[in-house]
Amino acid sequence: KQDIILAKEIIEKDDEIDNFIEEIEKKCAIVIATQQPLASDLRLIIAAMRIATDIERIADHASDISELTLKLSNEKYIKPLIDIPHMADISRKMLKEALDSYVNSDVQLAKKTIEMDDIVDDMYDKIIDELKEIMMNNPESISQCINFLLVAKYLERIADHSTNIAEWVVYKLTGKLKHEWL
């Protein structure tokens, strides 16, 4: 939507997320050091630390997309954006459902979230092919297409991190790592 105000706000909030994540990691380390948690509690702590890392990376990707938004803010797009917003919607849904599965201890929702990653991967491949075609036919569009490719890559990575979160939820609840339950 070329929303400059929202893009700037997201960039500013990235440091806040980094600080939250650092605080979560410190608290988890203190619990491990002082409480000597047993199996299920230790899984909870490990999952929380790993999920925090994925959330931090998602925030970084959102900030990167916002930087590109600012860069593209004064440009007329070479074509209406259809697949990138759709990909963003699915990635956002995946993140929400992964976090909901954590909060609600819902293994089925976590597994459903994991399955959605293939949809985003397919969309990413489709966007790459479409942008390659545009660049070959319209070399003046290469710079903008590269920026759109980066946005698509960041969205694909957000979906991957959401998948990771869901996988850690399954681990937290079952004690099984991905290769043990697939």
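The values are calculated or read from the model by the stated rules, or taken from the named source; none is laboratory data. Keep in mind that what you see is a predicted model, and the values were worked out from it rather than measured. Note: ideal-geometry Cβ built from the backbone for every residue, glycine included; neighbour counts use all protein chains shown. The protein model used for the area step is the full one, side chains on, heavy atoms only, and it has no ligands, DNA or RNA in it. Shrake-Rupley method; radii C 1.70, N 1.55, O 1.52, S 1.80 Å.
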Rounded to whole angstrom, the alpha-carbon centroid of the range 1-36 lies from that of the range 116-133 at a distance of 29
Cβ-Cβ cut-off under 13 Å around LYS112, Lys and Arg +1, Asp and Glu -1: the net charge is -4
Of the convex hull drawn through the C-alpha atoms of the range 2-83, the volume per residue in Å³ is 91
When all Cα-Cα pair distances of the range 54-96 are considered, the percent exceeding 14 Å is 62
Given 37 °C, 0.692 mPa s and a Kirkwood radius over Cα pairs, the Stokes-Einstein diffusion coefficient of the range 128-169 in µm²/s is 285
For the chain, longest principal axis from Cα atoms; helix 4-35 axis from its Cα atoms; angle between them, nearest 10 degrees, is 20
Taking a straight Cα-to-Cα line shorter than 21 Å from LYS111, and setting aside same-chain lysines fewer than 8 residues away, one finds LYS93, LYS96, LYS172, LYS176, LYS178
Contact order relative to length for the range 54-182, counting C-alpha pairs under 8 Å separated by 6 or more residues, stands in percent at 40
Here the convex hull volume per residue of the range 38-127, taken over Cα atoms and given in Å³, is 102
Checking rank on 123-136, 155-168, with mean other Cβ inside 10 Å and highest first, the result is 155-168, 123-136
Using alpha carbon centers only, the range 83-107 is separated from the range 144-164 by a whole-angstrom value of 15
So the angle from the long Cα axis of helix 83-103 to the longest Cα principal axis of the chain, reported in degrees to the nearest 10, equals 10
With the 1.4 Å probe rolled over protein heavy atoms, the chain has an accessible area per residue in Å² of 59
Using the Kirkwood formula on alpha carbons, the hydrodynamic radius of the range 82-182 in angstrom works out to 14.4
Asserting the computed 222 nm helical MRE of the chain (DSSP H runs at least 4 long, -39500 (n - 2.57) per run, divided by residue count, to nearest 500) equals -30500 deg cm²/dmol
Diffing the range 121-138: the Karplus 3J(HN,Hα) column from phi (6.51, -1.76, 1.60, θ = phi - 60°), in whole Hz with x for Gly and Pro, holds 4, 5, 5, 4, 4, 5, 5, 4, 4, 5, 5, 4, 4, 4, 5, 5, 8, 9
So the pair-distance distribution of the chain, from every Cα-Cα distance in 10 Å bins, comes to percents of 10, 31, 31, 18, 8, 2, 0
Sorting ILE146, ILE55 on solvent-accessible surface, 1.4 Å probe, most exposed first, gives ILE146, ILE55
Rounded to the nearest 10, the angle in degrees between the Cα long axis of helix 39-72 and the longest principal axis of the Cα atoms of the chain comes to 20
